[in-house]
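To keep things clear, I will list the structure first and then write my remarks on it.
The values are calculated or read from the model by the stated rules, or taken from the named source; none is laboratory data. A quick note: this is a predicted structure, and the numbers were derived from the prediction, not measured. Cβ: placed from backbone, ideal geometry, glycine included. Neighbour counts: every protein chain shown. These accessible areas exclude ligands, DNA and RNA; they are computed on the full protein's heavy atoms, side chains included. Shrake-Rupley method; radii C 1.70, N 1.55, O 1.52, S 1.80 Å.
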Amino acid sequence: MAFDPLQERGIPLDEQLRDWRELNVTPIDPDRCDPYTRCRIITMNGIETEAILFSHHMARHCRDVEIKQRLARVRYIEAQQQKVVNWLLPGASSVLETTIAYEQVAVDLTAWVARMEPDQRLKQAYQFGVLEDFDHLYRYANLYEMIEHRRADKIVDQLTEVMPGRPTYLHHRDPMDNVREPYQRRVTEPLSRLHALTITAAEQQTMNFYMNVGPMYMEPIARQLYQEIGLIEEEHVTHYESLVEPGESWWERLLNHEYNECYLYYSFMETESDPKVKNIWELHLNMELEHLRLAAEMFRRFDGRDPDQVLAPALPPPVTFEPNKGYIRDLLATQMDLTTLGTGYVREAHERFEKMQQAVMGGERPPSERVIEENRAISGEEYRLQTEGRHPAGLRVNR
Ligand SMILES: [Fe+2]
Ligand SMILES: [Fe+2]
Ligand SMILES: [Fe+2]
Ligand SMILES: [Fe+2]
């Protein structure tokens with residue numbers, strides 16, 4: 001029997017509160033952990049952060065004190081979940097090591113979603129974006145070698161390759177060209193909605209992370225690179241969030257958020273290799289089942305429809321972290337030179353794009369290019385991790 005979150009019983013809300021002892025989880029060991037365990041932690045931190053922020057936005061649109069109180073109660077539990085999840089990350093890892101892991105998430109999660117996405121237009125949006133985060137990984141890996149004298153394979157292992165994608169400086173597009181056409185609620189499969197929510201939440205958390213940690217560095221090149229890529233993550237959030245049709249009611253959006261949390265905790269429970277972390281995914285799934293039940297109750301009452309009308313009849317196959325090397329290489333061979341114009345994609349550098357490039361670059365070499373040059377000067381050669389042979393676009397050196 002397929003797992004149907006709407007039919008399952010979770011933990012009653014009154015019993016979900018945890019004390020300090022329970023919140024104080026033991027972090028993973030950065031030297032021995034499965035890199036994909038760290039990726040799942042980072043993903044769920046993004047999902048919980050979105051759950052909290054979404055609930056705050058909903059509360060601000062709401063006049064009824066009783067509904068605000070209901071939202072506040074569930075939101076406090078989401079905040080506890082976020083603490084537990086993010087505190088699984090070890091203090092022993094540097095900010096840059098965590099950054100590299102964030103980009104590994106962006107690569108392998110987005111590639112998985114692109115592979116599974118049934119809607120061609122949405123698939124294209126993920127394929128377009130993944131080549132950019134793939135390039136960020138390469139830029140940060142070079143910064144890491146340069147300022148921490150370590151190699152990124154310590155973090156990504158051999159699971160994700162590190163080499164140029166669409167060059168980072170070409171990601172600076174006019175904001176107008178970052179807005180896509182939304183998917184249509186009535187014809188799109190429920191899975192597409194979950195995908196869009198997941199990737200938007202992950203990119204939003206990456207944006208928040210870079211905008212806050214960037215100035216913690218002393219090295220000018222590090223400060224500059226975080227600014228540059230931080231601004232691109234803003235573009236990515238705009239790109240992915242525009243895939244979701246805004247016509248959905250607040251109740252429906254809440255329902256989708258809780259359903260997606262169930263889907264991801266279930267997925268990670270099914271695929272987790274670390275037993276202690278797996279226990280947390282299972283516990284949180286059982287909490288989310290109750291959040292979903294409460295959201296479904298409000299949806300019936302205030303939206304006047306049945307949850308079955310908008311949700312999938314059963315959970316789709318589990319979201320899985322696994323290598324996507326061949327898939328990424330195919331995209332590198334065919335989609336490196338794409339940019340956007342209006343809501344679509346083009347291969348030529350058009351006027352608005354050139355204007356934006358001029359305005360942002362100001363005629364200077366961008367940090368994302370300089371970091372490679374500077375690392376080559378210091379380390380003798382730039383950092384790459386090509387486990388499957390030469391670069392598919394024939395790029396032997398940068399640019
Ligand atoms: Fe949650
Ligand atoms: Fe990125
Ligand atoms: Fe991104
Ligand atoms: Fe939740």
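Of note:
- Looking across the range 120-138, just one residue is within 9 Å of ligand 2 (Cβ to nearest atom) and more than 14 Å from the chain's Cα centre (by Cα), and that is Asp135.
- Test: Glu241 is open to solvent by 20 Å² or more (accessible area, probe 1.4 Å) and within 18 Å of the chain's Cα centre (by Cα): yes
- Residues within the range 272-292 that are touching a helix residue (DSSP H, G or I) at 6+ places or on another chain (Cβ under 8 Å) and part of a helix (DSSP H, G or I), tallied: 13
- Just so you know, in the range 244-265 the residues that are open to solvent by less than 30 Å² (accessible area, probe 1.4 Å) and over 28 Å from Asn279 (Cα atoms) include one that is modelled with the highest pLDDT, and it is Glu252.
- Failed criterion for Ile100 (all others in (1) open to solvent by less than 20 Å² (accessible area, probe 1.4 Å); (2) out of contact with any Leu (no Cβ under 9 Å at 6 or more places or on another chain); (3) β-branched (Val, Ile, Thr) hold): (2)
- Selection of the range 151-190 for residues being assigned to a loop (DSSP other than H, G, I, E, B), open to solvent by 60 Å² or more (accessible area, probe 1.4 Å) and touching a residue at least 40 places away in the same chain (Cβ under 8 Å) yields Arg151, Asp157, Gln158, Val179, Glu181, Gln184, Glu189.
- Residue list for the range 40-61, filter: among the β-branched types (Val, Ile, Thr), within 13 Å of ligand 4 (Cβ to nearest atom) and more than 16 Å from Ala295 (Cβ to Cβ): Thr49
- Enumeration of residues in the range 259-275 that are β-branched (Val, Ile, Thr) and within 11 Å of ligand 4 (Cβ to nearest atom): none
- If the condition is being under 25 Å from Val162 (Cα atoms) and outside any helix (DSSP H, G or I), then the range 61-108 contributes Leu89, Pro90, Gly91, Ala92, Ser93, Ser94.
- Meets criteria (within 16 Å of ligand 1 (Cβ to nearest atom) and of a type in the set (S, T, N, Q)) for Asn324: no
- Hey, Trp112 within 16 Å of ligand 1 (Cβ to nearest atom) and either touching a Pro at 6+ places or on another chain (Cβ under 6 Å) or open to solvent by 10 Å² or more (accessible area, probe 1.4 Å) (or both) or not: no
- Scanning the range 376-386 for any residue that is over 30 Å from Tyr265 (Cα atoms), polar (S, T, N, Q), under 27 Å from the mean Cα position of the chain (by Cα) and modelled with pLDDT of 95 or more turns up at least one such residue.
- Some residue of the range 49-58 being within 16 Å of ligand 3 (Cβ to nearest atom), closer than 24 Å to Asp133 by Cα, at pLDDT 95 or above and open to solvent by less than 50 Å² (accessible area, probe 1.4 Å): yes
- Entirely in the range 307-399, the helices (runs of 4 or more DSSP H) that have 2 or more residues that are open to solvent by 30 Å² or more (accessible area, probe 1.4 Å) and over 23 Å from Tyr126 (Cα atoms): 351-361, 367-379
- Once the range 142-188 is narrowed to residues that are among the acidic types (Asp, Glu) and over 25 Å from Cys39 (Cβ atoms), the residue that is modelled with the lowest pLDDT is Glu181.
- The range 95-146 - residue that is more than 11 Å from ligand 3 (Cβ to nearest atom) and of a type in the set (Gly, Ala, Ser) and, of those, nearest to Gln205 (Cα to Cα): Ala101
- Of the residues making up the range 237-253, those that are farther than 19 Å from Leu191 by Cβ and out of contact with any Pro (no Cβ under 9 Å at 6 or more places or on another chain) are Val237, His239, Ser249, Trp250, Trp251.
Here is a yes/no grid of residues against (1) free of Cβ contacts under 8 Å to residues at least 24 places away in the same chain; (2) under 22 Å from His195 (Cα atoms):
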| residue | (1), (2) |
| --- | --- |
| Glu97 | no, no |
| Thr110 | no, yes |
| Val113 | no, yes |
| Gln120 | yes, yes |
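- Any hit, the range 191-203, residues being in contact with a Phe, Trp or Tyr (Cβ under 8 Å, 6 or more places away or on another chain) and surrounded by fewer than 19 Cβ atoms within 10 Å (Cβ to Cβ): no
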